[in-house]
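Working notes, beginning with the structure itself.
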Amino acid sequence: MSEPISIAGAAADTVENLVREHARFVFSVAFSVLRNKEDAEDAAQETFMRLMKQDIRKIEQPRAWLARVAWRCALDRTRKPQEQSLDDEDFFHQLPSAAVAADDLVLEQQMKALLQRLIEHLPQELRDVVRLSTVEEMTSADVAQVLGIPDASVRTRLFRARQLLKEKMAKVLEGRHEF
């Protein structure tokens, strides 16, 4: 059984402020890896639990520190076996609206699935940048903080990833390549 965590005075206020200020960002980082709301919430909570165990005065850049910890917590969760659960609310949000034709919906889903498969086949360093910047709509500065690389490297990797995706998509649509 774990022992209760006690944070006193100003440190508690600092943690509370950091949680308020960065909660969405931490969740976004975790979600970009896990692609599941509940798991991302758990990873974000774990990130803030780790923050509470730190000497906050020694953390020079809290946003970058939180991003790195959230990224690692999320990656750790991908290595553990996941429980499969059905969330009725998610199911109902995925139902097609009456305004969208069924064939358009199927085509859109197929294109999204194809793009996701193409992204999954990118080299890891490019895949991470695409997930964070494009899928999660993070700025290159935020991605740089999460991955611990220079901002210019993020932009270069993103450019290379988009070029590769464009070439692969063209081949697939022309029927020269299959997945």
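The values are calculated or read from the model by the stated rules, or taken from the named source; none is laboratory data. The structure displayed is predicted, hence computed values, not measured ones. A quick note on method: Cβ atoms are made from the backbone with ideal geometry, for glycine too, and the neighbour counts reach across all protein chains shown.
At a glance:
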| quantity | calculated |
| --- | --- |
| Per-region count, the range 25-46, residues in a helix (DSSP H, G or I) and either more than 17 Å from K80 (Cβ to Cβ) or charged (D, E, K, R) (or both) | 12 |
| Positions within the range 108-136 being over 14 Å from R162 (Cβ atoms) and out of contact with any helix residue (DSSP H, G or I) (no Cβ under 8 Å at 6 or more places or on another chain), in sequence order | E108, Q109, Q110, M111, K112, A113, Q116, R117, Q124 |
| Residue in the range 36-44 that is outside the structural domain of L132 (by TED's automatic domain parsing) and in contact with a His (Cβ under 9 Å, 6 or more places away or on another chain) present | no |
| Test result for R117, in contact (Cβ under 8 Å) with a residue 12 or more places away in the chain, surrounded by fewer than 17 Cβ atoms within 10 Å (Cβ to Cβ) and either assigned to a loop (DSSP other than H, G, I, E, B) or not assigned by TED's automatic domain parsing to the domain that holds L66 (or both) | yes |
| One residue from R72, R57 being at pLDDT below 90 and not assigned by TED's automatic domain parsing to the domain that holds L132 | R57 |
| Residues being over 25 Å from L114 (Cβ atoms) and small (G, A, S) - total across the range 150-167 | 2 |
